[in-house]
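Just below is one structure, and these are the notes that go with it.
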Amino acid sequence: MPDPAEHHALHPTPSRAERRIAVVFVFIALAVMFGAMAQRVSGMGFALVVAPVLVLLIGPFEGVLLVNLCGAVSASIVISRVWRFIDWRQFSMLAVPAISAIVPGAFLSVLIGGPVLQIVVGGILVVALTSSLLMNYFDRRVAQAPAALIAGTASGFMSATAGVGGPGMSVYAILTRWEQKSFAATIQPIFVLIGVTSFVMKVLLNDTGLPDYDWWLWVLIIACTVVGLALGEFVSRWVSVRAARVTVIVISYLGGVLAIIDGAAGLLG
């Protein structure tokens, strides 16, 4: 009869901490896939969906760092399909101020960290999403140059701190009456640029560098982004853009509010 002690030594039972980590990464993978799927179906929503979920699961700094990476991967895949519609003049007008704002945003995210950063991330999500929705009722057209400076700066800063650069771009598109097809195409290289720059800057500024994950976990997270985009291509045949966007907005608001509440609880507790 086999010795139970010997069997346990050969096949150790995972500890509670190991099981918890495994569950967390399953939820991370599902959130990333759903965010990429929503991005493909509705044209928006990757960071809005994924950022609050990852912030709640693994914390504000590491959560936003992964959003920066996955958002850049997602946008880089889309670029090949929309290349001919990219307006490179608009790209440069928005990208320059965005890059300049990433440095203070990255520094702030490294400096404050913890529950305070979580409250900041949740607050940025709620305010940015509300602002972009309210702008739909604004009927005046504004000049491109000053609007691009403000929108680019806001997007770069929000990308570095909260992982969400899209709402600032959406507000700019509404205020300047930017044609939708050109806008949707042009923001893809912008998302790649600000995502990669935010990721690199925060890794360089952070004392511990990259989060201490095994290499295969990084590959898994990127693979989930690609799979989510592929699933979105399939699902888009049956799910309307409006339904997908409403779902993204609801999830984003809930996630942002929960991030604020959880951060406040951590700060007070």
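The values are calculated or read from the model by the stated rules, or taken from the named source; none is laboratory data. It should be emphasised that the depicted structure is a prediction, and the values quoted were computed from it without experimental measurement. So basically every Cβ, Gly included, is an ideal-geometry build from the backbone, and we count neighbours across all protein chains shown. SASA here: full protein model, heavy atoms, side chains in, ligands and nucleic acids out. Shrake-Rupley method; radii C 1.70, N 1.55, O 1.52, S 1.80 Å.
Values for this structure:
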item: Nearest 10 degrees, 0 to 90: helix 215-235 Cα axis against the chain principal axis; result: 50 degrees
item: Most mobile of Glu179, Glu62, Glu233 in a GNM of the chain (Cα contacts under 10 Å); result: Glu179
item: Cα-based helix-to-principal-axis angle, 46-58 vs the chain, degrees rounded to 10; result: 30 degrees
item: P(r) of segment 114-210 over all Cα-Cα pairs, binned every 5 Å from zero, in whole percent; result: 2, 13, 20, 24, 19, 11, 7, 3, 1, 0
item: P(r) of segment 139-269 over all Cα-Cα pairs, binned every 5 Å from zero, in whole percent; result: 2, 8, 11, 16, 20, 19, 13, 8, 3, 1, 0
item: Solvent-accessible area, 1.4 Å probe, carbon plus sulfur percent, for segment 197-269; result: 71 percent
item: Cα-based helix-to-principal-axis angle, 166-176 vs the chain, degrees rounded to 10; result: 10 degrees
item: Shape category assigned to segment 35-87 from the gyration tensor of Cα positions, a/c cut at 1.5; result: prolate
item: Residue-averaged 222 nm ellipticity for the chain, from DSSP H runs of 4+ at -39500 (n - 2.57), nearest 500; result: -28500 deg cm²/dmol
item: The chain - convex hull of alpha carbons, volume per residue in Å³; result: 154 Å³
item: Net +/- balance of residues flanking Val227 in space, Cβ distance below 14 Å, scoring K and R +1, D and E -1; result: 0
item: Mean Cβ neighbour count within 10 Å, used as a protection proxy, ranking 191-197, 105-111 highest first; result: 191-197, 105-111
item: Only Lys, Arg (+1) and Asp, Glu (-1) charged, at Cβ; the chain dipole about Cα centre in debye; result: 1140 debye
item: Surface share of carbon and sulfur [accessible, 1.4 angstrom probe, percent] for segment 91-156; result: 74 percent
item: Highest-first arrangement of 137-150, 22-35, where packing means the average Cβ count within 10 Å; result: 22-35, 137-150
item: Per residue solvent-accessible surface (Å²) - segment 134-269, probe of 1.4 Å; result: 53 Å²
item: Charge-dipole axis of segment 18-163 as Lys and Arg at +1 and Asp and Glu at -1 on Cβ define it, positive-most pick from Val24, Val49, Ala143; result: Ala143
item: Using alpha carbons only: equivalent-ellipsoid semi-axes of segment 67-134, gyration tensor based, whole Å; result: 27, 15, 14
item: Residues of segment 62-117: accessible area per residue with a 1.4 Å probe, Å²; result: 44 Å²
item: Thr208 - accessible surface, heavy atoms, 1.4 Å probe, Å² rounded to 10; result: 110 Å²
item: Where Val127, Val49, Val82 fall by accessible area, highest first, once all protein chains stay in place (1.4 Å); result: Val127, Val82, Val49
